[in-house]
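The values are calculated or read from the model by the stated rules, or taken from the named source; none is laboratory data. Keep in mind the model is a prediction, meaning the values are calculated, not measured. When we count neighbours, we look across all protein chains shown, and the Cβ atoms used for this are built from the backbone with ideal geometry, even at glycine. Quick note on the areas: whole protein, heavy atoms, side chains included, nothing else; ligands and nucleic acids left out. Shrake-Rupley method; radii C 1.70, N 1.55, O 1.52, S 1.80 Å.
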Amino acid sequence: IVVLAAGLLLIPLLAYFASSGDAMCAPCSPGTKLDGSTFVGEAPWWAPGPSKSTVFSLLCSPRDRMRARIEWSGGSGMSKLLVVDADAEVPGSKQALLLEKKAMRATIDGQEIRATVSASGKAENISAPWRKEA
């Protein structure tokens, strides 16, 4: 019975995954809000640390997406948002840099980043740099 229940739970999960691969293959869960706290997230956000690269290769079409990592400096005022290619990283090199942006706050979704870039609330929508067609 337990195996049957687990199998039945996988059906909606697989359907959701197929319909929203951008969200499931992103470096953080959809709707993640970045503000005063530091944050680091790596794709796919839901996979355990040591298996992220393998899971991404198996379930997230690498020809359509890059396995990205988000780094948010946090703090008061403007913070730095970095998005890097997690698989092409070379310490001390900028070759893996996909996006660098200063912002006060940001909200991450599978297909875009909404960054608040001024104290007056001016926001920019940025196509998610981990999507190769972006």
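Data for the structure
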{"read-out": "Residue that is least open to solvent (accessible area, probe 1.4 Å) [pool: residues in the stretch 19-51 that are free of Cβ contacts under 8 Å to residues at least 24 places away in the same chain and not in a loop (DSSP other than H, G, I, E, B)]", "value": "51"}
{"read-out": "Count - residues of the stretch 52-69 that are without any contact (Cβ under 8 Å) to a residue 60 or more places away in the chain and of a type outside the set (Ser, Thr, Tyr)", "value": "8"}
{"read-out": "Filtered residue count, the stretch 122-134, keeping only those that are farther than 15 Å from residue 85 by Cβ and open to solvent by 40 Å² or more (accessible area, probe 1.4 Å)", "value": "5"}
{"read-out": "The stretch 52-63, residues that are surrounded by 13 or more Cβ atoms within 10 Å (Cβ to Cβ) and part of a loop (DSSP other than H, G, I, E, B)", "value": "60, 62"}
{"read-out": "Test: residue 94 is at pLDDT 90 or above and either among the β-branched types (Val, Ile, Thr) or closer than 25 Å to residue 132 by Cβ (or both)", "value": "no"}
{"read-out": "Identity of the residue in the stretch 64-87, closer than 19 Å to residue 46 by Cβ and in a loop (DSSP other than H, G, I, E, B), that ends up most open to solvent (accessible area, probe 1.4 Å)", "value": "87"}
